[in-house]
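The values are calculated or read from the model by the stated rules, or taken from the named source; none is laboratory data. Predicted, not measured: the structure shown is a model, and the values here were computed from it. Every residue, glycine among them, receives a Cβ derived from its backbone with ideal geometry; neighbour counts consider all protein chains shown. Please note that ligands, DNA and RNA were not included when accessible areas were found on the heavy atoms of the full protein model with its side chains. Shrake-Rupley method; radii C 1.70, N 1.55, O 1.52, S 1.80 Å.
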Amino acid sequence: MAGLVGNPVLGNDDLKGEVVVAINEGRKFEGTRSGTEEGREKDMAPAAGSPIHRSGSRPQLDVSGAAIQGNSEERDPTILLPNQSDDISHLALDIGGSLIKLVYFSRHEGKPIEDKRKLSLKQRFGITNGNRRSYPILGGRLHFVKFETSKVNECLDFIKSKQLHCGGMNPRRWPSHSLPNENVVVKATGGGAYKFADLFKERLGVSLDKEDEMDCLVAGANFLLKAIRHEAFTHMEGQKEFVQIDQNDLFPYLLVNIGSGVSMIKVDGDGKFQRVSGTNVGGGTYWGLGKLLTKCNSFDELLELSQRGDNRTIDMLVGDIYGGMDYSKIGLSASTIASSFGKTISEDKEVEDYKPEDISLSLLRMISYNIGQISYLNALRFGLKRIFFGGFFIRGHAYTMDTISFAVHFWSKGNAKAMFLRHEGFLGALGAFMSYEKHGLDDLMVHQLVERFPMGAPYVGGKIHGPPLGDLNEKISWMEKFVQKGTEITAPVPMTPPGTTGLGGFEVPLSRGDTLRPDASNLNVGVLHLVPTLDVFPLLADPKIYEPNTIDLSDHGELEYWFSVLSEHLPDLVDKAVASEGGTDDAKRRGDAFARAFSAHLARLMEEPAAYGKLGLANLLELREECLREFQFTDAYRSIKQRENEASLAVLADLLMELDSMPEEARLCSLIEGVLAANIFDWGSRACVDLYHKGTIIEIYRMSRKKMQRPWRVDDFDMFKERMLGSDGRKPPPYRRALLFVDNSGADIVLGMLPLARELLRRGTEVVLVANSLPALNDVTAMEVPDIVAEAAKNCDILRRAAEAGGLLVDAMINIQDGSKLDSPSVPALMVVENGCGSPCIDLRQVSSELAAAAKDADLIILEGMGRAIHTNFNARFKCDALKLAMVKNQRLAENLLKGNIYDCVCRFEPSSI
Amino acid sequence: MSSAQMEDQSQNQSVKCTEIGGSERDSENNMSSSTSRFDYYDPISPWALDIGGSLIKLVYFSREDNSLENYLGKSVAAENTGVLNGCTTHPVLNGQLHFAKFETTKINECLDFIESKQILGSCGRHQEVSGGKTLTIKATGGGAYKFANLFKEKFGVRLDKEDEMDCLVAGANFLLKAVPHEAFTYLDNRKEFVQIDPNDLFPYLLVNIGSGVSMIKVDGDGQFQRVSGTSIGGGTFWGLGRLLTKCQSFDELLELSHRGNNRVIDMLVGDIYGGLDYSKVSKIGLSATAIASSFGKAISDKKELQDYKPEDIARSLLRLISNNIGQIAYLNALLHGLKRIIFGGFFIRGHEYTMDTISVAVQFWSKGEAKAMFLRHEGFLGALGAFKSYEKHGFGGLMVDHLAEQTPIVSPRPHPNQKVNGPFTEELADNESIDCSVLSVETLKLT
């Protein structure tokens, strides 16, 4: 049993006892996808179950929970802990002069499925509330929405339609008459919190509780900087670069909030801050002077104008004074502004003789530059290394950010950098949200948050959100309507969209300046999914420097290539998805909508690669899966996966026999070869999809086996073999526990990874098969693996006994009585854990807590497949030995990364880096 | 002789204008200067120019002691004449240093003035003396490049460009060390002269507010570094002001600002908090009358530009710019550990409200620990520096004791509100006479 394998984490005898009970009860193994067991398990695990329950035992990662994707947003959040729900408020507002920012929290409908396999895993790995911090929060989502203040009614309608003002109560469970509305208090900040107090009372019956603006700003900024990985970015010469900030090294920093005026706040910690400086030359000055000088009617119009301006007609440059020469002695170039508006002195022109565009630009430069300078001086004065700029003046406007950055760079001689926040508009609202006493978000960690960008993201382009789209049907209708509006059908995201998008009626800038780069820099703010059960993979050598993506999509060529790959693959994917849902008209409609939505995402990212934050290939691939789920395609490859699994299982017995007949060394080599050969199946690869049309999977597998020839492109097999088998007659100790990150269904898992797992088991190594939590392409999921193992175990004792030991086979339906059961304690266990992802790639900073727990005793990691071993983690270093196995099914990747060719193989063995 | 006339005139006027220097000393100086005569012109170019974007500043020297001919003839070696300074071996001439200003757009007036003063005569003579060699005149400011050809054509002189910053610093150092009561503070309508010990002058921050603003850390004679600056300066005030108010001159705009009320346009802290939450306001240390956002009220109103009074606009603009300069200057002084901040440049022009705003900004941000100081000759730093850059002028070691001052004003109708300098606005346009085009002339008498 687990204890005998030497799991030091296990210390709870009571829990171990329960495992035995659970297993011996001998209930029928029914797989895990049914939610009907819920009731039973609750009965089964009374004492331990409740705290586990509270700890948010990964409900959102169960298939039925569908938590990571965004399609259950419109449903009423289920309250898992009714006695806590009173304390959790769901809405906070920042009502500014021009925009209303709203942050609300929705709990998703999570059904914790505590099947026996999971229970046994929990006990085996010691996942209890006791040895982890307790989670006051449940999984849920933080939404960020903006409205124009002048359209405050839209905001009220939105709140009403989402029932946000009811404190998140399920109306069915809590009829409105039992919840007197006048008691409902909503936290709000910003000047409008006073102005609109009566309106909110009248329309929604809620009282606005005014929070101090500065407190909110700081609380919001602290939360964002600590909880969101790539929240901050620099912006120099049009280039955005996301900055990863070490949570433990965040303070002190300077927060510069540019509203009407400018406040500069030195932040020393949570709730510890001081307004150290400021300037009265801020956004109000820009807009006020701009309005007087240009007759613009809105701030955005004025900003927009600036993009087409040329400040040289207005500003006196150093070159103007020195007759075109630099004043190099003091380091001023000819294009440096010597005097803002200095040229409007000498000429006989009137205001009307200057172009409003030029005036707007000069004004913008003058003010941005000045703010940058004063901020830098204050940072220097207090020895602050970081300056974060936020507030409505910035609005993701590229030129504004550039000018501020330039000023900071210029005055600091490159020593200081201006940083901006992706959620900058929401600092106040978030801070107001944080001011609820029991929100429980205080110690939320960065790895527990996942940001998702719903379907509408590309259309709103980071701007104002509009009316809520209720259910899936509304979403699809909206999408269809949108496409009809725009005349194009193939490319649903017009680069110059019609005036209104239907999402709130704002206008997307149509024109771009010639003198300045296009300003597509408005960044999207997605929905923050709070997943308390995610953890950092504990075997990463250095989580701080870990970067999952191998391919950097900030390289434009790379970006274009992968976009075209994904676009080309799209029709095939839609076919599969529609077929998986029975090919009905409804499925077709959803399929079309999915294709449009995903293309729109791609187009948006092509236009602004940083729109959704730092973009890597893994993010892109995950976005596709999320998008599928958003249109309720839960598993597009379901039938294909089943068919392939069956076909592969049918020949497994023969393969195992063949392997067993080999001598040790040849067998090991053959096993690795088998993994590589079987990895050829990949529906994400165009080349492979073509192959499928030519033969059955077994034929392809055989062909692939035949073509295998060492040395592979990366071939560390001998090193691995020596570690496994030893040399010169010395026999190394076996690995204690191996984590096998599996990839595809079918031959890949059945003929590749399972035989390798069997070999490890045979050598006394415990094996944990790590599979996806949610489907992604034809990747095998943690829900499917136990079935496959059970099927394979029918013909293999080693697998059967290990699976039994690992709690995978919980009943005695396998009637092979060979006496080995008696000495089962000596059999190493075979287990399955889910990885916490629904993507073909894996970001090891955010894995399921059960994987994290399983990893604690592991001394070997095997990463298999392109997604997990090449696209991501190719360069990852681990605290234990790692074997990365993959066949490269993309010519460009093979060339760029390995200087090889398509179908080249990688067998990379990296001994522990500690 | 026109120059003599002018001198006389200036002496006559100096009595009327006692508020300029504000001290009895001035009248004493005037008395002493009445003995001065321009009967000889220094062949070593006695004038220097600072040609800025909007103003031309001219500094010229007139001697009254022809015993210096020896010195001039023998050049460097002569040590026994004039007033010997303990610190240097340079002899000092007795004479007067004059200061004059012209608008750059009216450069011809400047040329005429030079001609009329026969400063040029010395050039002519010099040319003869030096045997065909072109005379060079020290000049600084951007216009020294721009107008080089004009001077060449008109007078046959070559403008020798001196570095602007060098000149500024040299000029400021000279003034601070040699001119009594040059520096003063200005706060709450009170001007207070500060006597700075020349031995404890350095380091200081020199903030020169011209079209743009340069901030220079001065560590000694010729030792300085431009540490900062801002593009929001006098040019911005005048440029934006012109666009917003249709004023015809800088001084008109300044004048307007006197009568304005910035509360109409600026968003004050009190406007935002509406008196609701003063405890919070005081928590961050801002009074209700502090400006939260310059021009911030121009946002919300339905008003157009025409609906605002030019006076109010001028006032808001002046406060915006003065405040900002004061703040950036203070921060720089703080960062470099400088105890004195001296403001100069044409933007200030002895304008009380400007000085007051800058002083308030410095006081506010420094919590009263630092004080803004101003120079009486603030507009002439560059020109003086250029003048000083002549190698053998002998002014290097001039001490306060050696200088007395006269401050006659040549302008026929000095504006009652103008303290240091005469106006150069409509009144000038009215008067066609050459002499009257002189903006102002001050003289420093070297005894």
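Okay, here's what the table says:
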quantity	calculated
Residue that is more than 14 Å from chain A (Cβ to nearest Cβ), closer than 22 Å to B:ILE56 by Cβ and touching a Phe, Trp or Tyr at 6+ places or on another chain (Cβ under 7 Å), where the choices are B:GLY171, B:GLY210	B:GLY171
Every residue from the stretch B:147-160 that is surrounded by fewer than 18 Cβ atoms within 10 Å (Cβ to Cβ) and within 14 Å of chain A (Cβ to nearest Cβ)	B:ASN149, B:LEU150
Unique match (being open to solvent by 20 Å² or more (accessible area, probe 1.4 Å), modelled with pLDDT of 90 or more and of a type in the set (Asp, Glu)) among A:GLU864, A:GLU895	A:GLU895
Residues of the stretch B:216-245 that turn out to be at the interface with chain A (Cβ under 7 Å from one of its Cβ atoms) and among the charged types (D, E, K, R), as a count	2
Within the stretch B:358-389, tally of residues that are away from chain A (no Cβ under 14 Å) and either in contact (Cβ under 8 Å) with a residue 60 or more places away in the chain or in contact with an Asp or Glu (Cβ under 6 Å, 6 or more places away or on another chain) (or both)	19
Meets criteria (at pLDDT below 85 and assigned by TED's automatic domain parsing to the domain that holds A:GLY284) for A:ARG395	yes
So A:GLU895, is it under 30 Å from A:CYS627 (Cβ atoms) and either without any contact (Cβ under 8 Å) to a residue 12 or more places away in the chain or not assigned by TED's automatic domain parsing to the domain that holds A:ARG736 (or both)	yes
The lone exception for A:ILE374 - which of (1) within 10 Å of chain B (Cβ to nearest Cβ); (2) open to solvent by 10 Å² or more (accessible area, probe 1.4 Å) it fails	(2)
Some residue of the stretch A:348-357 being at pLDDT 90 or above, away from chain B (no Cβ under 13 Å) and part of a helix (DSSP H, G or I)	yes
The lone exception for A:ALA338 - which of (1) open to solvent by 10 Å² or more (accessible area, probe 1.4 Å); (2) more than 11 Å from chain B (Cβ to nearest Cβ) it fails	(2)
Filter result (aliphatic (A, V, I, L, M), surrounded by 24 or more Cβ atoms within 10 Å (Cβ to Cβ) and closer than 23 Å to A:ASN772 by Cα) within the stretch A:600-644	A:LEU617, A:ALA618, A:LEU620, A:LEU628, A:ALA636
Among (1) in contact with a Gly (Cβ under 9 Å, 6 or more places away or on another chain); (2) at pLDDT 75 or above - the single one B:THR105 does not satisfy	(1)
In the stretch B:306-321, residue nearest to the other protein chains (Cβ to nearest Cβ) [restricted to those that are open to solvent by less than 20 Å² (accessible area, probe 1.4 Å) and assigned to a helix (DSSP H, G or I)]	B:LEU320
Subset of the stretch A:550-572 [modelled with pLDDT of 90 or more and over 18 Å from A:MET606 (Cα atoms)]	A:THR550, A:PRO571
Meets criteria (among the aliphatic types (A, V, I, L, M), open to solvent by less than 90 Å² (accessible area, probe 1.4 Å) and at pLDDT 90 or above) for A:LEU739	yes
Residues that are farther than 25 Å from A:ARG892 by Cα, open to solvent by less than 40 Å² (accessible area, probe 1.4 Å) and touching a residue at least 12 places away in the same chain (Cβ under 8 Å), drawn from the stretch A:564-586	A:LYS576, A:ALA577, A:VAL578, A:SER580
Candidate set from the stretch B:322-351 (those that are touching a Phe, Trp or Tyr at 6+ places or on another chain (Cβ under 7 Å) and open to solvent by 10 Å² or more (accessible area, probe 1.4 Å)); member that is nearest to the other protein chains (Cβ to nearest Cβ)	B:TYR330
The stretch A:270-301, residues that are part of a helix (DSSP H, G or I), modelled with pLDDT under 90 and among the hydrophobic types (A, V, I, L, M, F, W, C)	A:PHE299
Residues being open to solvent by 20 Å² or more (accessible area, probe 1.4 Å) and over 16 Å from B:GLY382 (Cβ atoms) - total across the stretch B:186-219	17
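Condition check ((1) touching a Gly at 6+ places or on another chain (Cβ under 9 Å); (2) at pLDDT below 85) across all residues:
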site: B:ARG340; (1), (2): no, no
site: B:LEU375; (1), (2): yes, no
site: B:LEU384; (1), (2): yes, no
site: B:HIS393; (1), (2): no, yes
site: B:SER411; (1), (2): yes, yes
site: B:PRO414; (1), (2): yes, yes
site: B:ASN417; (1), (2): no, yes
site: B:VAL420; (1), (2): yes, yes
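Matching residues to (1) within 15 Å of A:GLY96 (Cβ to Cβ); (2) without any contact (Cβ under 8 Å) to a residue 60 or more places away in the chain; (3) more than 12 Å from chain B (Cβ to nearest Cβ); (4) touching an Asp or Glu at 6+ places or on another chain (Cβ under 9 Å):
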{"site": "A:ASP209", "(1), (2), (3), (4)": "no, yes, yes, no"}
{"site": "A:ALA219", "(1), (2), (3), (4)": "no, no, yes, yes"}
{"site": "A:PHE242", "(1), (2), (3), (4)": "no, no, yes, yes"}
{"site": "A:LYS272", "(1), (2), (3), (4)": "no, yes, yes, no"}
{"site": "A:GLY282", "(1), (2), (3), (4)": "yes, no, no, no"}
{"site": "A:LYS295", "(1), (2), (3), (4)": "no, no, no, yes"}
